[in-house]
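Notes to accompany the following structure.
The values are calculated or read from the model by the stated rules, or taken from the named source; none is laboratory data. In this text the structure is predicted, and so the values were computed from the model without any measurement. Here Cβ is always computed from backbone atoms with ideal geometry, including for glycine, and neighbour counts include all displayed protein chains.
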Amino acid sequence: MNKPSFPYPERILQWVWNEQLFDLSALTTVCGRKVTILDPGILNTSDGPDFKFSKIIIDSIEWHGSVELHLRSSDWYSHNHHTDGNYNNVILHVVTEAFPKQVKTTSGNSPFTLNILPHIYSPLEHFLKNHQANHFLPCSGNIRFISQEVFEQQINNAHQEYLEKKANDFLAFYNPGISQSKAWKEALIISIFDGFGISKNRQPMQKLAKTLISKNPAPSSALNVLANEIAFGSSSDLKWNYKGCRPNNHPAKRIETATRFYLLVQQAPFEDFLTANAIDIWKQWCSKIGIQKAGHPNVLFATVYLPALYLLSTIFHSKNLKAAVQDYWKTYQAPIPKSILSKFDALNVPKRSYRKKLGAVYQLKNYCNTGGCSQCMVLKKAISS
């Protein structure tokens, strides 16, 4: 079988259709009818055609139905669509083939066929071709122009997505079977212990926090003694990773700091967390512990405490608290090692656009490093401009 003219997976073709990354001005069916796309439809993640609820004008008639995409028209038959009733409402068969064959549904109808290949934007072809070469960063060398404004907007969007993700992560420790105030405090404690376990001891730190909570010790300085007995005592089943540990990140040191946070969380009146001033509580805690200048607690303020408050504002419908968290989050500058964001240095954008912004870390992890370019505004703008 000959290689297809569009040498990429069908999911890339679905992305091209979904994002309309092609010239819409001169589309015609194989039989010469003008095509106007009113709505590309909704991507179908189940059985049946690729896109449902599409709205397309073919000549002067508006059609409502499904759209099926293939690299070759023969795939219609090799995928047995001609015997599947789910495809009876296909109104357009989109292919990337110069001389496609007409296909039929099980009801005997023949949907119109559109060869989309000549209409795909050339910047997209350039990007896809060079992306196969596994560049240091997908955008680097693959697109000719990167809009600084769009890049900054994408980073800002990723920054907000990261806050929402961390709030959802917080829910993993939230116990819905107890009172909301108690559940939130306990989830905050576990999240803090988890944060102090980064990067090698998260699981044992989580388990330690849950064990302490289950024992419900009286708030006192003896809590650290109990925590150490659970963590390192003869009957302990916690497994600690000491590889590469320095004095400040040794599990015993991290446990000492985490237990002090435990006490402060438990002693704080819950009502104090429901006001806009709740943002300042973390700094007050760090000052009491004597770690206000330490880097790690500053990271946990952004990745644990602010998301916890953000979720709390949702649970209790506190508009003032949510607004305060979002305003602070937008301008928060995190102490991010330059090496983590060094990939962006190859792009022709100011470093202030991404330095000290947690959204840039999220952008790398969830878009750039995972090949999520199809969802990135930077690529969409570069291709369509």
### Message
Being touching a residue at least 60 places away in the same chain (Cβ under 8 Å) and either surrounded by 14 or more Cβ atoms within 10 Å (Cβ to Cβ) or of a type in the set (Ser, Thr, Tyr) (or both) narrows it down to one residue among SER46, SER5; which is it?
### Response
SER5
### Task
Among what's in the range 90-120 and is assigned to a loop (DSSP other than H, G, I, E, B) and under 13 Å from ASP50 (Cβ atoms), pick the residue that is farthest from the chain's Cα centre (by Cα).
PRO111
### Query
Taking the range 24-72, which residues are over 14 Å from VAL94 (Cβ atoms), touching a His at 6+ places or on another chain (Cβ under 8 Å) and not in a strand (DSSP E or B)?
ALA26
### The listed residue being in a helix (DSSP H, G or I) and of a type in the set (Ser, Thr, Tyr), out of SER181, SER199
SER181
### Query
Across the range 321-343, which residue is surrounded by the most Cβ atoms within 10 Å (Cβ to Cβ) among those that are in contact (Cβ under 8 Å) with a residue 40 or more places away in the chain and in contact with a helix residue (DSSP H, G or I) (Cβ under 7 Å, 6 or more places away or on another chain)?
VAL325
### Task
Please verify whether the range 14-22 includes one or more residues that are surrounded by 14 or more Cβ atoms within 10 Å (Cβ to Cβ), touching a His at 6+ places or on another chain (Cβ under 6 Å) and more than 13 Å from VAL90 (Cα to Cα).
yes
### Summary
ARG202 meets each of (1) within 30 Å of SER313 (Cα to Cα); (2) crowded, with 16+ Cβ neighbours inside 10 Å; (3) in contact with a helix residue (DSSP H, G or I) (Cβ under 7 Å, 6 or more places away or on another chain) with one exception, condition (2)
#### Entry: Candidate set from the range 290-313 (those that are modelled with pLDDT of 95 or more and not aromatic (Phe, Trp, Tyr)); member that is farthest from PHE196 (Cα to Cα)
SER313
### Task
Go through the residues of the range 258-278 one by one and say whether even a single one is among the aliphatic types (A, V, I, L, M), farther than 29 Å from LEU312 by Cβ and part of a helix (DSSP H, G or I).
no
### Message
Please go through the range 61-96 and give me each residue that is of a type in the set (Asp, Glu), under 20 Å from GLN20 (Cβ atoms) and surrounded by 14 or more Cβ atoms within 10 Å (Cβ to Cβ), ordered by number.
### Response
GLU68
### Message
Take PRO337 and tell me if it is at pLDDT below 85, of a type outside the set (Ser, Thr, Tyr) and under 30 Å from LYS293 (Cα atoms).
### Response
yes
#### Entry: The lone exception for LEU208 - which of (1) surrounded by fewer than 12 Cβ atoms within 10 Å (Cβ to Cβ); (2) modelled with pLDDT of 95 or more it fails
(1)
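The rows are residues; the columns are (1) farther than 21 Å from GLU186 by Cα; (2) not assigned by TED's automatic domain parsing to the domain that holds GLY295; (3) not charged (D, E, K, R).
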residue	(1), (2), (3)
PRO217	no, no, yes
LEU223	no, no, yes
ASP237	yes, no, no
CYS245	yes, no, yes
ALA268	no, no, yes
ASP272	no, no, no
## Note on the structure
Turns out the helices (runs of 4 or more DSSP H) fully within the range 307-385 with at least 2 residues that are over 18 Å from GLU161 (Cβ atoms) are 319-331, 377-384
## Note on the structure
Every listed condition ((1) touching a residue at least 40 places away in the same chain (Cβ under 8 Å); (2) surrounded by fewer than 20 Cβ atoms within 10 Å (Cβ to Cβ)) holds for HIS317 save (1)
### Message
Just to be sure I understand, how many residues within the range 174-201 are modelled with pLDDT under 95 and of a type in the set (D, E, K, R)?
### Response
1
### Query
Among the residues of the range 344-385, which ones are loosely packed, with under 12 Cβ neighbours inside 10 Å, more than 17 Å from GLN153 (Cβ to Cβ) and either among the small types (Gly, Ala, Ser) or modelled with pLDDT of 80 or more (or both)?
GLY371
#### Entry: Options TYR367, TYR362: the member that is within 17 Å of the chain's Cα centre (by Cα) and within 27 Å of TYR121 (Cβ to Cβ)
TYR367
### Residue list for the range 246-266, filter: of a type in the set (S, T, N, Q) and either at pLDDT 95 or above or under 14 Å from ILE192 (Cα atoms) (or both)
THR257, THR259, GLN266
